[in-house]
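So the structure is just underneath, and the comments pick up after that.
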Amino acid sequence: MSEIRLQTMLRPKRNLIVVKPDPVEAKDVTEGGLHLPDEAQPVTLRRTGEVVVVGPEAKEERAKAGERVLFSAYAGTSILVDGEEFLLMNDEDVLAGL
């Protein structure tokens, strides 16, 4: 999906930003051969992604469109746009730029 099309579909308000998260690889089978259900998957406490759209009140020193960022695994609200996952979060949820 093009960035321009996404910007016209999603216009975050206030200090919200839209992030395209990097995929998280989950292990379905342990080294011993046990199958793990989704509930037993370990939680990655930090995740990365790319800022796609920035709200009008988001502080530029926290997040800019096109920047790769580090954020908490529990940050934001997951949304689907044309079958792609994005996260809508506060600019304050960004821990660091990469």
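Consider LEU45 carefully, then state whether it is at pLDDT 70 or above, more than 16 Å from ALA63 (Cβ to Cβ), exposed (fewer than 11 other Cβ atoms within 10 Å of the Cβ) and aliphatic (A, V, I, L, M). Give the steps one after another, and end with the answer.
Working: at pLDDT 70 or above: no; more than 16 Å from ALA63 (Cβ to Cβ): yes; exposed (fewer than 11 other Cβ atoms within 10 Å of the Cβ): yes; aliphatic (A, V, I, L, M): yes.
For LEU45, the condition - at pLDDT 70 or above, more than 16 Å from ALA63 (Cβ to Cβ), exposed (fewer than 11 other Cβ atoms within 10 Å of the Cβ) and aliphatic (A, V, I, L, M) - is not met.
Just to be sure I understand the filter: pairs with C-beta atoms under 8 Å, separated by 6 or more residues or on different chains, first member in segment 54-83 and closer than 11 Å to LEU16 by Cα and modelled with pLDDT of 85 or more, second member aliphatic (A, V, I, L, M) and part of a loop (DSSP other than H, G, I, E, B). Which pairs pass?
VAL54/ALA63; VAL54/ALA65
Restricted to segment 66-97, and to residues that are outside any helix (DSSP H, G or I) and among the acidic types (Asp, Glu), which residue is surrounded by the most Cβ atoms within 10 Å (Cβ to Cβ)?
GLU67
Those residues that are among the small types (Gly, Ala, Ser), over 18 Å from ASN15 (Cβ atoms) and in contact with a strand residue (DSSP E or B) (Cβ under 7 Å, 6 or more places away or on another chain), I need them from segment 67-98; list them, please.
Scanning segment 67-98 gives ALA73, SER78.
The values are calculated or read from the model by the stated rules, or taken from the named source; none is laboratory data. Here the structure is a predicted model, which is why all the values come from computation and not from measurement. Cβ atoms come from the backbone with ideal geometry, glycine included; neighbour counts cover every protein chain shown.
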